[in-house]
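Okay, so here's the structure we're looking at.
The values are calculated or read from the model by the stated rules, or taken from the named source; none is laboratory data. Source: prediction; values computed, not measured. Cβ placement follows ideal geometry from the backbone for every residue including glycine, while neighbour counts extend to all protein chains displayed.
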Amino acid sequence: MLRFSPFKCLQRIRRLSTDVGFVFDIDGVLLHGEKPIPGAAEALKLLSHENVPFILLTNGGGKLEAQRTAQISKILDVDIRPQQIVQSHTPYQALADKYRKVLAIGPSTVRDVAEQYGFRDVVRPADVILYNRLAAPFTSLTGQRLAREARENPDIALTPFDAVLVFTESPDWGGDIQLICDLLCSERGRLNTRRDTPSHTPSVPIYFSNNDLLWSNGFPVNRFGQGAFRMLVERLYGELNAGYSLAHTTYGKPNRIAYDYAARVLGAWSGRQPAQPPATVYMVGDNPHSDIIGAYNYGWNSCLVRTGVYRDGDPLPCQPTLVVDSALDAVTAALRHTSH
């Protein structure tokens with residue numbers, strides 16, 4: 001562990017390095033669930049104190065950006081603005097003009113997220129199950145929960161779906177996968193239909209907001225993430241389509257689209273004119289196969305922390321700039337590294 005005072009360290013470094021910014025993952029770096037990870041709050045307070053720009057780049061989601069930053073601000077006692085976060089589904093906003101009727105996968109909160117993004121006809125799996133409970137015979141979504149989450153939609157089977165958008169982890173894998181495969185193999189996106197010819201291209205496009213096989217939530221062993229969900233959808237699609245692989249689009253880290261978006265957000269938050277990110281950017285993350293390889297491919301520096309997915313001795317897809325014990329260690333070590 002680093003034993004010097006980070007505030008005194010920064011007072012010395014500030015004169016040497018003024019063109020630096022930070023991008024933080026959330027789960028496994030700043031938080032475990034809703035519990036702060038030691039050193040996380042101090043790291044962000046240190047950067048705020050020294051006016052070093054930082055943003056959050058997460059493969060999580062399910063809430064509006066303003067709701068998520070308000071939650072994190074309260075937990076860490078740090079002021080974080082909605083303009084400082086990029087969630088895995090934040091880039092979906094650009095799709096709202098392209099697709100009218102979408103099947104939105106995720107908890108009940110994703111309906112509001114999708115509507116706030118501008119999607120005009122947002123259908124959740126609960127709506128389909130309410131329309132016909134036989135659509136997902138083994139779903140866990142029943143009774144009062146179904147009544148609470150579902151919305152009556154008289155046009156649900158009359159008008160075609162334009163896309164499937166996986167906003168975040170599914171709360172009902174079995175039911176959701178069934179309905180997703182129904183649409184992917186439908187006749188032009190219509191419920192209750194099945195196309196005659198198998199194909200690599202689904203009847204409606206499908207988007208996954210991230211590809212994390214595993215994530216850290218504080219449980220002793222890492223948990224399956226959306227990447228595992230995608231693998232099941234792909235496997236079942238292949239079984240239904242004579243072995244054809246599923247054409248799909250995946251956002252989130254480590255894909256370049258996530259880093260392009262984050263670079264624009266960091267540039268805007270840094271107050272530069274024109275809005276450009278700092279010359280030196282450090283990605284602070286816990287997942288070598290998401291945060292670290294994404295930063296490496298994008299040309300950013302990276303700080304791999306030991307507070308989440310990564311364990312010493314795990315194979316690495318690339319060499320991080322720094323390997324440290326916490327977000328606070330990442331900040332202080334990165335600033336020392338930059339000043340040299």
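Taken over region 157-181, residues that are buried (at least 19 other Cβ atoms within 10 Å of the Cβ), of a type in the set (Val, Ile, Thr) and either modelled with pLDDT under 95 or over 19 Å from residue 234 (Cα atoms) (or both) amount to 0.
When each of 72, 37, 105 is tested for being touching a residue at least 12 places away in the same chain (Cβ under 8 Å), aliphatic (A, V, I, L, M) and under 25 Å from residue 271 (Cβ atoms), the lone residue that passes is 72.
In region 182-196, the residue that is surrounded by the most Cβ atoms within 10 Å (Cβ to Cβ) out of those that are in a helix (DSSP H, G or I) and of a type in the set (A, V, I, L, M, F, W, C) is 184. Can you tell me which residue within region 197-239, out of those that are in contact (Cβ under 8 Å) with a residue 40 or more places away in the chain and surrounded by fewer than 14 Cβ atoms within 10 Å (Cβ to Cβ), is farthest from residue 167 (Cα to Cα)? That would be 198. Looking only at residues in region 50-68 that are in contact with a Ser or Thr (Cβ under 7 Å, 6 or more places away or on another chain) and among the small types (Gly, Ala, Ser), the one that is farthest from residue 31 (Cα to Cα) is 62.
Let's see how each residue does on (1) surrounded by 24 or more Cβ atoms within 10 Å (Cβ to Cβ); (2) acidic (Asp, Glu); (3) out of contact with any strand residue (DSSP E or B) (no Cβ under 7 Å at 6 or more places or on another chain); (4) at pLDDT 95 or above:
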position	(1), (2), (3), (4)
282	yes, no, no, yes
286	yes, yes, no, yes
306	no, no, yes, yes
321	no, no, no, yes
338	no, no, no, no
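Within the option set 134, 179, 165, 141, being in contact with a helix residue (DSSP H, G or I) (Cβ under 9 Å, 6 or more places away or on another chain) and in a helix (DSSP H, G or I) holds for one residue only, 179.
Filter region 48-63 for residues that are out of contact with any His (no Cβ under 9 Å at 6 or more places or on another chain) and either outside the structural domain of residue 264 (by TED's automatic domain parsing) or buried (at least 20 other Cβ atoms within 10 Å of the Cβ) (or both) and give the result. Within region 48-63, 52, 53, 54, 55, 56, 57, 58, 59, 60, 63 meet the criteria. The residue that is surrounded by the most Cβ atoms within 10 Å (Cβ to Cβ), among those in region 288-304 that are under 18 Å from residue 54 (Cβ atoms), under 19 Å from the mean Cα position of the chain (by Cα) and not hydrophobic (A, V, I, L, M, F, W, C), is 291. Among the residues of region 268-279, is there at least one that is modelled with pLDDT of 95 or more and surrounded by 20 or more Cβ atoms within 10 Å (Cβ to Cβ)? No, region 268-279 has no match at all. Give the residue, chosen from 188, 195, 235, 230, that is assigned by TED's automatic domain parsing to the domain that holds residue 96, within 26 Å of residue 87 (Cβ to Cβ) and basic (Lys, Arg). So the residue among 188, 195, 235, 230 that is assigned by TED's automatic domain parsing to the domain that holds residue 96, within 26 Å of residue 87 (Cβ to Cβ) and basic (Lys, Arg) is 230.
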